[in-house]
Amino acid sequence: MKALVLCCDEKSQCQALERTQPGLPLGLGHIRTRTHDYTRHGTVTLFAALNYLDGKILSTTVERHTHLEWLAFLKQVHRQTPLELALHLIVDNYATHKHSTVVAWLANHPRVHVHFTPTGSSWLNLIERFFRNLTEDVVRDGSFESVGALTTAINVYLANHNLAPKPFRWKAEGAAILEKIRRARAARPTSNV
């Protein structure tokens with residue numbers, strides 16, 4: 001059976017912050033500015049699945065991020081992907097991903113296979129890289145008068161991304177990553193306990 005690999009996660013608590021003053025753009029002789037004070041208008045959670053091969057995103061935005069919303073998202077992914085493909089979902093170890101209701105649904109949907117990243121290694125999931133872009137391009141510097149305005153901005157960004165998606169590719173070799181980890185561990189002071 002052919003398969004589709006999707007890197008999945010939720011970006012919870014995206015804050016709809018409205019800046020009290022507009023920022024000044026980067027210009028000759030001064031840096032870009034952003035006011036430090038803002039009004040909070042609430043949060044939204046984005047559930048997303050990044051297609052490993054082509055870079056397209058399946059997504060939904062919701063108010064909360066419990067196992068019920070996660071399960072609804074899994075059902076959406078199941079509906080929106082070709083039924084002849086096995087689904088391999090890369091997810092982190094968040095409790096909602098392992099809730100008994102989710103586990104029961106997965107048991108009844110054998111084409112869906114969940115693969116958990118090791119604890120503390122969510123960076124291995126490529127959706128995290130996409131979330132970084134979304135944060136930098138939309139959320140962090142935005143000023144939103146409502147949760148609806150933030151949701152619209154996120155959805156526009158996702159739609160534009162899907163018009164010309166590009167897959168994320170690891171550029172570092174595995175051996176180089178492992179060597180960095182080894183050096184970091186060697187440099188870490190040991191405790192005398």
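The values are calculated or read from the model by the stated rules, or taken from the named source; none is laboratory data. Computed from a predicted structure; not experimentally measured. Here the Cβ positions follow ideal geometry from the backbone for every residue, glycine too, while neighbour counts run over all protein chains shown.
Sort out for me the strands (runs of 3 or more DSSP E) sitting completely within the range 3-97 that have 3 or more residues that are of a type outside the set (Val, Ile, Thr) and modelled with pLDDT of 95 or more. Because the criterion is at least 3 residues that are of a type outside the set (Val, Ile, Thr) and modelled with pLDDT of 95 or more, the strands (runs of 3 or more DSSP E) in the range 3-97 that meet it are 3-19, 38-51, 86-91. Only a single item in (1) under 27 Å from Lys166 (Cα atoms); (2) touching a helix residue (DSSP H, G or I) at 6+ places or on another chain (Cβ under 6 Å); (3) of a type in the set (Ser, Thr, Tyr) is not met by Thr96, and it is number (1). Evaluation of Pro110 against the conditions (1) over 19 Å from Ala3 (Cα atoms); (2) out of contact with any Pro (no Cβ under 9 Å at 6 or more places or on another chain) shows that the sole unmet condition is (1).
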